[in-house]
Amino acid sequence: MNGMTNINVIGGSGFIGTRLVSRLIKNSEISVKIIDKAPSKKFPELTRVGDVRSVQELQECISEQSIIV
């Protein structure tokens with residue numbers, strides 16, 4: 001393991017998710033990814049657009065993540 005904590009924020013494009021991601025990315029030991037039904041306006045480079053109701057899509061998005069929020 002490389003010491004990085006991988007966090008996937010489901011709904012990270014919304015009001016609360018955007019604020020959470022803003023705080024998480026300040027820590028250099030955390031790698032953040034967002035999964036949401038719409039791209040994040042503030043963090044488009046971190047966003048994977050997907051439907052969390054689809055088990056297959058969700059599994060693909062979270063397979064490499066240590067923590068899911």
(message) Which count do you get for residues in region 7-23 that are under 14 Å from residue 65 (Cβ atoms) and among the β-branched types (Val, Ile, Thr)?
(response) 4
(message) Within region 42-59, take every residue that is among the β-branched types (Val, Ile, Thr) and closer than 19 Å to residue 24 by Cβ and give me the one that is modelled with the lowest pLDDT.
(response) 52
(message) Pull out all pairs, ordered by first then second residue, where Cβ-Cβ is under 6 Å, the residues are six or more apart or on different chains, the first lies in region 31-48 and is surrounded by 14 or more Cβ atoms within 10 Å (Cβ to Cβ), and the second is modelled with pLDDT under 90 and not in a strand (DSSP E or B).
(response) 31/4; 35/50; 35/61; 48/61
(request) Scan region 1-49 for residues that are part of a helix (DSSP H, G or I) and of a type in the set (A, V, I, L, M, F, W, C) and report the count. (result) 6
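Quick check on my filter: what residues within region 55-68 are more than 16 Å from residue 37 (Cβ to Cβ) and either in a loop (DSSP other than H, G, I, E, B) or among the acidic types (Asp, Glu) (or both)?
63, 64, 65, 66
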(message) Go through (1) aliphatic (A, V, I, L, M); (2) touching a Phe, Trp or Tyr at 6+ places or on another chain (Cβ under 8 Å); (3) not in a helix (DSSP H, G or I) for residue 52 and report which single condition fails.
(response) (2)
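Which residues, taken from region 24-35, are in contact with a helix residue (DSSP H, G or I) (Cβ under 7 Å, 6 or more places away or on another chain) and over 12 Å from residue 67 (Cβ atoms)? Before the answer, list the steps.
As a first pass, look at region 24-35 and keep what is in contact with a helix residue (DSSP H, G or I) (Cβ under 7 Å, 6 or more places away or on another chain): 30, 32-35.
Once the filter is applied, which keeps residues that are in contact with a helix residue (DSSP H, G or I) (Cβ under 7 Å, 6 or more places away or on another chain) and over 12 Å from residue 67 (Cβ atoms), region 24-35 yields 34, 35.
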(request) Collect the residues in region 35-67 that are more than 13 Å from residue 13 (Cα to Cα) and touching a Cys at 6+ places or on another chain (Cβ under 9 Å), keeping them in residue-number order. (result) 52
(request) Starting from region 57-69, take each residue that is charged (D, E, K, R) and list its partners that are surrounded by fewer than 14 Cβ atoms within 10 Å (Cβ to Cβ), counting only C-beta distances under 7 angstrom and pairs at least six apart or across chains. (result) 57/51
(request) Starting from residues that are within 14 Å of residue 44 (Cα to Cα) and among the β-branched types (Val, Ile, Thr), keep the ones in region 11-29 and report whichever is surrounded by the fewest Cβ atoms within 10 Å (Cβ to Cβ). (result) 25
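The values are calculated or read from the model by the stated rules, or taken from the named source; none is laboratory data. Only a predicted model underlies this, so the values are computations on that prediction, with no experimental measurement involved. Cβ sites come from the backbone with ideal geometry, for glycine too, and all protein chains shown count toward neighbours.
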